[in-house]
1. With runs of 4+ DSSP H residues as the only contributors, calculate the mean residue ellipticity of chain B at 222 nm using -39,500 (n - 2.57) per run, divided by the residue total and rounded to the nearest 500.
2. For the stretch B:1-123, how big is Rg over Rh, using alpha carbon atoms and the Kirkwood form of Rh?
3. Determine the principal axes of the Cα atoms in the stretch B:57-161, then give the extent along each, sorted from largest to smallest and rounded to whole angstroms.
4. As a test of the definition: which semi-axes, in Å, follow for the stretch A:7-232 when you take the square root of five times each eigenvalue of its alpha carbon gyration tensor? Largest first, please.
5. Give me the base-10 log of I(q)/I(0) for chain B at each q in 0.09, 0.12 Å⁻¹, Debye formula, one uniform scatterer per Cα, rounded to two decimals.
6. Order of B:Thr94, A:Thr77 from fewest to most other C-beta atoms within 10 Å?
7. Using a Gaussian network model of chain B whose springs link C-alpha atoms within less than 10 Å, name the residue from B:Val237, B:Val208, B:Val144 with the highest mean-square fluctuation.
8. At 30 angstrom or more along the helix axis (alpha-carbon based) and mean Kyte-Doolittle of 1.0 or higher, what helices does chain A contain? Whole DSSP H runs only.
Amino acid sequence: MAASPIIHTEKLGKRFAGHKKGEVVDAVRDLDLEVAKGEIFGLLGPNGAGKTTAMRMLCTLLVPTAGKASVAGFDLTTQAHEIRRHIGYVGQKGGMEQVATGRENLMLHAQLYRMSKAEAARRIDALIGRLKLSTFADRKTETYSGGQRRIFDLASGVINHPELLFLDEPSTGLDPQSRARVWEEVKALHEQGTSIFVTTHYLEEADALCDRVAIVDLGRIVALGTPAELKKQIAGDIITVSYDAPERAEAAVKLLEGNPLVLERHAIEDGHQLYVDKGDEALPVILRTLGQGGAAPKSVHLSRPSLDDVFLKLTGRSMRDTGEEQH
Amino acid sequence: MREMYLIAMNEIRVTVRNPFWAFSGLFQPIIYLLLFGPLLNGVAGVRGFPGGGNAIQFFAPGLLIMNALFGSGFEGFTLRDKLDSGFLERLRVTPISRLSLALGFILQTSLNLVVQSILLLVVSLFFGLRIDPLGALLLLALIVLIGITMASISYRLGLMIREGGILAGIVNTFILPAMILSGIMLPINFGPPLIQAAARIDPFYYAVNASRALIEGHVGDPSVLSALVIFAVLAAVCLAIFIRGMREAVA
């Protein structure tokens, strides 16, 4: 890892007062993180896992109640003001003034970063050009589509050339094209050397964007690594096999019984899922075994495990059926 | 300073773009002038009625205070919107100081009130109001102090209370008795001793008396000094509370 990380946290925590008197909620507990310069780092978890709280602490919107952290080389508790100069932030709600135009919003934000009006105008023109915003830049933001608004939010987030950009659920509520567009721009920023910290509850998003991912659940990190490393925690690959007739499936079960290649087997509607170590090598062997034993499958599908499978394995719950967002 | 100005200008742009902004603020006072003023004319001749029996001299200064009270007392709602839209959050991650942010909102409210008050004074001229120029200037200063006080309280509540209905309830609970006891609508000296005593602890009672004295040009009237002192202190305290609220990381 690089000598001086862009984010470093030690036992960072946030405790909120609960609804009942004397009750406390630990939204984030003992967070130890190190994000390298130039990295896209993702916090992945279901709603309520504490990832938004963690991000809000790191971008100076919430004061931590435990631990310490440095962001962009400055201490989080004593140098919040310095941190704000060096970071960009795109929140879930965006934050554009509805009755002002996109350009006017950007102008206000640019000037709050101490840019002169002329300097700000140049920067805004450049951003509008690069992000292809010119067709709606001078309309009030209340007329924007979700995708248009999100790209403008992104433009606002990078108006000050931040070293580190925070993105809170950047593609939530967007249609697939807009999501692809946001990802494209995030990747372009990454290529220019911007470090990016992103929270998401979309597995595809973490997979598509992030160099490294921390999976969080109930305020704690439960796994940390590259998406590929995390998926490796699930034994190998998954072969999904289906059959024309139930007899064939039964025959197949007998044939595969005790086969050292099959680590686990789960029944599905018209066949089964086989967990194997090396899918590409195991698949032809298994097909041969099934074919020779008279249980030739109707279809075969080889897949790599998803981060959802990782989450399921680590927490015993699926990402989709977890609770409400707390903060 | 520049930051405060930028925030205020942005807010003013937003306010002015609302096609009803002047109208919505002034609608209520003008309705009162049109409908309640003539009613008051009937009782203005009664013995003991202040303002020398002239209803408009009595009523218009009260309306100015009422406009200040209502115009700024509900500013908390605009802050609520800014929290909900993420606008405030976006500003809070820029290097702007919390002080400038708070003062920017207050500056906008104050400027808005000054413009509305001048418009109201001009409208009242057509209803026969006589205005002393120096008194009117001091009155505008008093109105700004009231605006700072009420907007600070309202903004602070807006930061704390997420539910719009509860916010409205709290604000109304305080504003309504404050308005009635101030003697805006009818002279307090008409009331029973209990009401008269209660009025003495309503800061707006002093503001309304001062407003009536100032319109007449009685700059040296004791009510003027007491109202200015009361609201200078209240404005300072409430503003400090609001700024502190802005500094704490809220929502």
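1. Numbers: 12 runs with 192 residues, N = 251.
For chain B, the value works out to -25500 deg cm²/dmol.
2. On the way: Rg = 18.5 Å, Rh = 16.5 Å.
Radius of gyration relative to Kirkwood radius: 1.13.
3. The principal-axis extents, from largest down, are 51, 23, 18 Å.
4. Details: eigenvalues 172, 79, 60 Å².
Ellipsoid semi-axes (Å, largest first): 29, 20, 17.
5. -0.40, -0.70
6. Numbers: B:Thr94 23, A:Thr77 13.
By the 10 Å Cβ count, ascending: A:Thr77, B:Thr94.
7. In the Gaussian network model the winner is B:Val237.
8. Helix filter hits for chain A: none.
All of the numbers you see were taken from the coordinates with simple rules; none came from a lab. All values derive from a computational prediction rather than experimental measurement. No Cβ is skipped: glycine too gets one built from the backbone with ideal geometry, and neighbour counts run over all protein chains shown.
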